[in-house]
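Report on the structure given below.
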Ligand code: LMR
């Protein structure tokens, strides 16, 4: 049966981790996958998560099935985390299912759209996360792109984005990154969100908002500003969220797919259909990560601790952005990289070419995604000199 299969190409992001692990150079630097690292290069379990795990070990009484939607408490807590005290929650228009990570949420969103209208077109930003197209294609959707990042001027190509959005037929879906755009780090400002929200309402496309980095940009509420504004404007939308980064629960695979319906009755139907989509995929989501997040968000003390830990991660990344640019100048790079300090979250494009990216890997053991995306959280005060000197050499 399988003899006709060909070996697939390595994953553009996760494939780098495999090479990095095998590299024996003591100076190696991993700027690949979007994983937070501390000053020592580690990704420790958050203290609030450790506390929640202790609580869970002591208080868990059963491993019985939770059902396809996952934990109702987690789902309520996560809807409030992303939407705040929004009218769509008060109007009982939100239905959430827990999913295996943010990727699971995107897949469920894609399949729900495809079940509603097979072969629907979803528009994704150019560029977007390397896995978005694959996930939506696997769910049966047709993919198109809208302009987003201006590679030449290292900024948002907002006029081109708006022009493209104006041409989108009613009934299509449009994927938007809530914050910390992956891979460019360029986010919409408040006025731009307003324009996009108005377009969504006027044109009638369905926004699918991916929020995988809430808390890594400007803060938990600011990072959700755009999606909350969007929820004010449109009758229906989908939100895919992840607890991988902001709770550091990467391998526990916990995220959520939240649907906003026109009214409570319509939300009931969409929620019920979404549950059937889950049932035929993986029956029900893993419970552990959800239990930790609901424990943290149900406790004022643990929530405050989490906010502190998230702030520390966010501020370290922002500090590394500044230091990176300063050290590039100090180490003789004349090209202007100051745009890195204006971007949000873990990622920025260096804007260097494929040969230079390959030389960084082959000669200096520095691992950058092929698009020139770097994970700024992989920088530290101890590797930034080696990194910037190496960049200076390949430039
Ligand atoms: C990334 O973009 O690096 C992360 O979201 C990890 C992944 O799964 O690709």
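Coordinate-derived values only; no laboratory data. Note that the structure is a prediction, hence the values are computed from the model and not measured. Virtual Cβ from ideal backbone geometry, glycine too; neighbours counted across all protein chains shown.
Defining a contact as two alpha carbons under 8 Å apart and six or more residues distant in sequence, what relative contact order in percent does region 65-298 show? The partial results should precede the final answer.
Details: 453 pairs, mean separation 70.9, N = 234.
About 30 percent, as a whole number.
Counting DSSP beta bridges in the chain, what percent are antiparallel, to the nearest 5? Present the calculation step by step, with values, prior to reporting the outcome.
On the way: 17 of 36 bridges.
Rounded to the nearest five, the antiparallel share is 45 percent.
In region 65-298, what % of DSSP beta bridges are antiparallel (nearest 5)? Walk me through the numbers on the way to the answer.
Values: 14 of 31 bridges.
Just about 45 percent of them are antiparallel.
Quick one: check the C-alpha center-to-center distance for region 89-152 versus region 232-268, whole angstrom.
Between the Cα centres of region 89-152 and region 232-268 lies a distance of 12 Å.
With springs only between Cα atoms under 10 Å apart, run a GNM on the chain and tell me which of 269, 340, 239 wobbles the most.
269
Over the Cα atoms of the chain, what radius of gyration and what Dmax do you get, in Å?
Cα-based Rg and Dmax for the chain come out at 21.0, 63 Å.
Which FRET efficiency value, to the nearest 0.05, is calculated for residue 382 and residue 145 with the Förster distance at 30 angstrom and r the Cβ-Cβ distance? Don't jump to the answer; show the numbers that get you there.
Values: r = 39 Å, r/R0 = 1.29.
About 0.15, to the nearest 0.05.
For the chain, what does -39500 (n - 2.57) per DSSP helix run (n ≥ 4), summed and divided by total residues, give at 222 nm, in deg cm²/dmol to the nearest 500? All intermediate terms of the calculation are to be shown ahead of the outcome.
On the way: 15 runs with 178 residues, N = 395.
That calculation yields -14000 deg cm²/dmol at 222 nm.
Could you list, bin by bin from short to long, the percent of Cα-Cα pairs of region 59-116 in 5 Å steps?
Cα pair-distance distribution for region 59-116, in percent: 4, 15, 20, 24, 20, 11, 5, 1, 0.
Using only alpha carbon pairs under 8 Å that are at least six residues apart, calculate the relative contact order of region 97-182 and give it in whole percent. Walk me through the numbers before you get to the answer.
Numbers: 104 pairs, mean separation 25.5, N = 86.
Rounded, it is 30 percent for region 97-182.
Looking only at 74, 347, 364, which one moves most when the chain is put into a Gaussian network model with springs between Cα atoms under 10 Å?
364
With springs connecting C-alpha atoms under 10 Å apart, model the chain as a Gaussian network and identify which of 19, 28, 245 has the largest mean-square fluctuation.
19
Can you pull the semi-axes for region 1-43, root of five times each eigenvalue of the Cα gyration tensor, sorted largest first, whole Å?
Square roots of five times the eigenvalues give 30, 12, 7 Å.
For the chain, find the longest principal axis of its Cα atoms and tell me its angle to the long axis of helix 101-116, 0 to 90°, nearest 10.
Long axis of 101-116 versus the principal axis of the chain: about 50 degrees.
Evaluate the relative contact order of the chain (contact order divided by residue number), counting alpha-carbon pairs under 8 angstrom at least 6 apart; express in whole percent. Write out the running numbers ahead of the final one.
On the way: 718 pairs, mean separation 102.8, N = 395.
Contact order relative to length: 26 percent.
Could you check what % of the DSSP bridge pairs in region 186-266 are antiparallel, to the nearest 5?
On the way: 6 of 10 bridges.
Of all bridge pairs located within region 186-266, approximately 60 percent are antiparallel.
Under the Kirkwood approximation for Rh and a Cα-based Rg, what ratio Rg/Rh is obtained for region 65-298?
0.94
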